[in-house]
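None of the figures in this text is laboratory data; all of them are computed from the coordinates on show. The structure displayed is predicted, hence computed values, not measured ones. Positions of Cβ are generated from backbone atoms using ideal geometry, with glycine treated the same way; all protein chains shown enter the neighbour counts.
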Amino acid sequence: MGLIGERYNKQVTAAGASAVPIQETASNNSFTVWQKLQLRLITALGVAAIRVLGPTLRISVSIEEDGPASLEARPMILSFWHSCIFPAIYVWRNLQIRVMSSDSFDGEWTGRIIRRFGFVKVRGSSSRGAVRGLLGMRREIQSGTTVAFTIDGPRGPRYVAKPGPVLLARATGAPMVAFHIALANAWTLNTWDRLLIPKPFSRALLRISRRIFVPAEASEAQREEFHAQLQQALDRVREFAEGNVAAG
């Protein structure tokens, strides 16, 4: 966490309420004509698949003790694994949740899809524009909204949490909350994250963790401890969801 944490902590102090609002859409100037055509196709297919398959899911929700009162609770700093982004888009739709996403090709088509389901893209990623993205997410939390991270994205390593939520929780006082959505029947794509696409009428179990608060005075060592707690929460909700979805 060291370098990102130091840069972020220095810059959040300078970023006040008068900062320029984050842009929701990315420029297409960096993409080739072929990439632009691909973006249109992938976006259309992704939106259609979620609209067709999402309503068929048989969804159950389970929340750990001291978890949020509901999906509408705010502000929260949500974290989840990239593999369950498909059902997550449907389950958490239309709540105006802010999601940090890069301006890369993958980040662009993801951003286009999620905007169609009531999410708002905040530019940035763990690998490029990290500080800008975290500052943007900080402003969103301070305005009272919930933000979310695909916490092992954009390219892995799979099931390894990055430190952004801990830094935001310390800076804003908003709680970290992890969740996982397990599917009883799904297609698994041959991608780095083993992306899950639900089969029609599959059971889906959403497991939400307890809230984790990071004190503003937390030291570097304590931030590492909270990072470990977030990793444990992500592992715990995934294990619970995958172990119980068939009985849902």
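If each DSSP helix of 4+ residues adds -39,500 (n - 2.57) and the sum is divided by the residues in the chain, what number results at 222 nm, nearest 500 deg cm²/dmol? Numbers along the way, then the final one.
On the way: 7 runs with 99 residues, N = 248.
Per the formula, -13000 deg cm²/dmol.
Helix hunt in the chain: which complete DSSP H runs extend at least 15 Å axially by C-alpha with mean Kyte-Doolittle at least 0.5?
Numbers: long enough: 2-14 (19 Å, -0.57); 33-53 (30 Å, 1.15); 105-115 (16 Å, -0.60); 130-142 (18 Å, -0.10); 220-244 (36 Å, -1.24).
Once both thresholds are applied, what remains is 33-53.
Just the Kirkwood number for the stretch 177-248, please: inverse of mean 1/r across all distinct Cα pairs, in Å, one decimal. Don't skip to the end; give the middle numbers.
Details: mean 1/r = 0.0722 Å⁻¹.
By the Kirkwood definition, the hydrodynamic radius is 13.8 Å.
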(request) Collect residues whose amide H, placed 1.01 Å from N in the peptide plane, falls under 5 Å from the amide H of residue 122; neighbours closer than 5 in sequence don't count. (result) 99, 100, 101
(request) Would you pull out the residues with amide H under 5 Å of residue 186's amide H, same chain only if 5 or more places away, H placed 1.01 Å from N? (result) 199
(message) For a quick check: with amide H placed at 1.01 Å from N, whose amide H comes under 5 Å from residue 78's, ignoring anything fewer than 5 positions away on the same chain?
(response) 147, 148, 149, 177
(request) Excluding residues fewer than 8 places away in the same chain, name every one of the aspartates and glutamates whose C-alpha is closer than 20 Å to that of residue 199. (result) 242
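Could you list the GluC sites (Glu not before Pro) in the stretch 149-240 that lie in coil according to DSSP, counting only those with at most 15 other Cβ atoms within 10 Å of their Cβ?
Working: sites: 217, 220, 224, 225, 239; in loops: 217.
Those satisfying the criteria are 217.
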(request) In whole angstrom, note down how far apart the Cα centers of the stretch 190-228 and the stretch 88-138 are. (result) 16 Å
